[in-house]
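Everything on this sheet refers to the single structure shown next.
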Amino acid sequence: MFHLRIEKLCLAAAALLSVAAIAVVLVSPETWSALGKEDGGVEVASVYAMLFFAIVAAAKALGAVGKPRLVLLAIALLGIIGAGEEVSWGQRIFDVEAPVIFAKYNAQGETNLHNFLHPPLDGILAGLAIVALLAAPALIERPWVHKLRCNGLPWPEWHHVKLLLASLLPLGILGMAGTRELEELAELIAVLVFTAMVSRWTPLDCELTPSNLS
């Protein structure tokens, strides 16, 4: 089915990006620095990936009714907001000066909200999110998870988590070895995996029972 092809495409892209990044880092670190820097190719790709995430979620919403439609539309909106945040809502594109509160308290001095989280808080929250993601597939047969899925919330399955870990662990090793500018790539890979999760959601999830969830 079409949604399964989207899922496989996103997961394959995530894996290939990880492998390609490792190759570029090992062969030409200077090239990787140019790709991974702020406003570099990886960040631009992340913006497009977030917009694609929003499109997939919106398409899923069109095929849903009731509460699932609202939930999926909210998820699509998050994708649009994420893309806007990634480019600081056009501040650098249009060469606009950041408002005072952003210039003073934002970690990058730019017009976005996510950089109000300064280290180590941002790292702690990211770690908690990873732990939650790792635990999620083990909870998939719980009745309350079934209800969440029925109401339109995509839920990670083991193959999503395994692919994400397999793609991110080598980047973590490279980071510990001293390679920089890997954060944007990790973000891009995560967005692709989340898009795969959204594309897998189907209204048929509402007909599943906790005993036969996969």
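The values are calculated or read from the model by the stated rules, or taken from the named source; none is laboratory data. If you're wondering where the values come from, they're calculated on a predicted model, not measured in any experiment. Here the Cβ positions follow ideal geometry from the backbone for every residue, glycine too, while neighbour counts run over all protein chains shown. These accessible areas exclude ligands, DNA and RNA; they are computed on the full protein's heavy atoms, side chains included. Shrake-Rupley method; radii C 1.70, N 1.55, O 1.52, S 1.80 Å.
Straight Cα distances below 16 angstrom link Lys8 to the lysines Lys162, with same-chain residues fewer than 8 positions distant left out.
Here the relative contact order of region 107-190, from alpha carbon pairs under 8 Å that lie six or more residues apart, stands at 19 percent. Remark: accessible surface ordering of Glu97, Glu157, Glu141 (largest first) is Glu97, Glu141, Glu157, probe radius 1.4 Å. The aspartates and glutamates within cross-link reach of Lys37, meaning a Cα-to-Cα straight distance under 15 Å and a gap of 8 or more places when in the same chain, are Glu86, Glu181, Glu183, Glu184, Glu187. Farthest towards the positive end of the charge dipole of region 1-54, among the residues Ala12, Tyr48, Ala23, is the Cα of Ala12, using unit charges on the Cβ of Lys, Arg, Asp and Glu.
Give me the percent of accessible area attributable to carbon and sulfur for the chain, probe 1.4 angstrom.
Ligands and nucleic acids excluded, carbon and sulfur give 73 percent.
Take every Cα pair under 8 Å whose residues are at least 6 apart in sequence, average their separation, divide by the length of the chain, and the relative contact order is 34 percent. Peptides 184-196, 102-114 ranked from most to least packed give 184-196, 102-114, packing being the mean of other C-beta atoms within 10 angstrom over each peptide's residues.
Taking the longest Cα principal axis of the chain as reference, the axis of helix 158-176 is set at about 10 degrees. Compute the length gained on full extension between Gln108 and Ile140: take 0.36 nm times their separation in residues and subtract their Cα-Cα distance, giving the result in nm to one decimal. Difference between extended and current length: 7.7 nm.
Per residue, the chain exposes 56 Å² of accessible surface when a 1.4 Å probe is rolled over the protein heavy atoms with every protein chain present. In the chain, helical runs assigned H by DSSP with n ≥ 4 each contribute -39500 (n - 2.57); averaged across all residues and rounded to the nearest 500, the mean residue ellipticity at 222 nm is -22000 deg cm²/dmol. Scaling the Cα radius of gyration of the chain by the globular reference 2.2 N^0.38 Å produces a ratio of 1.08.
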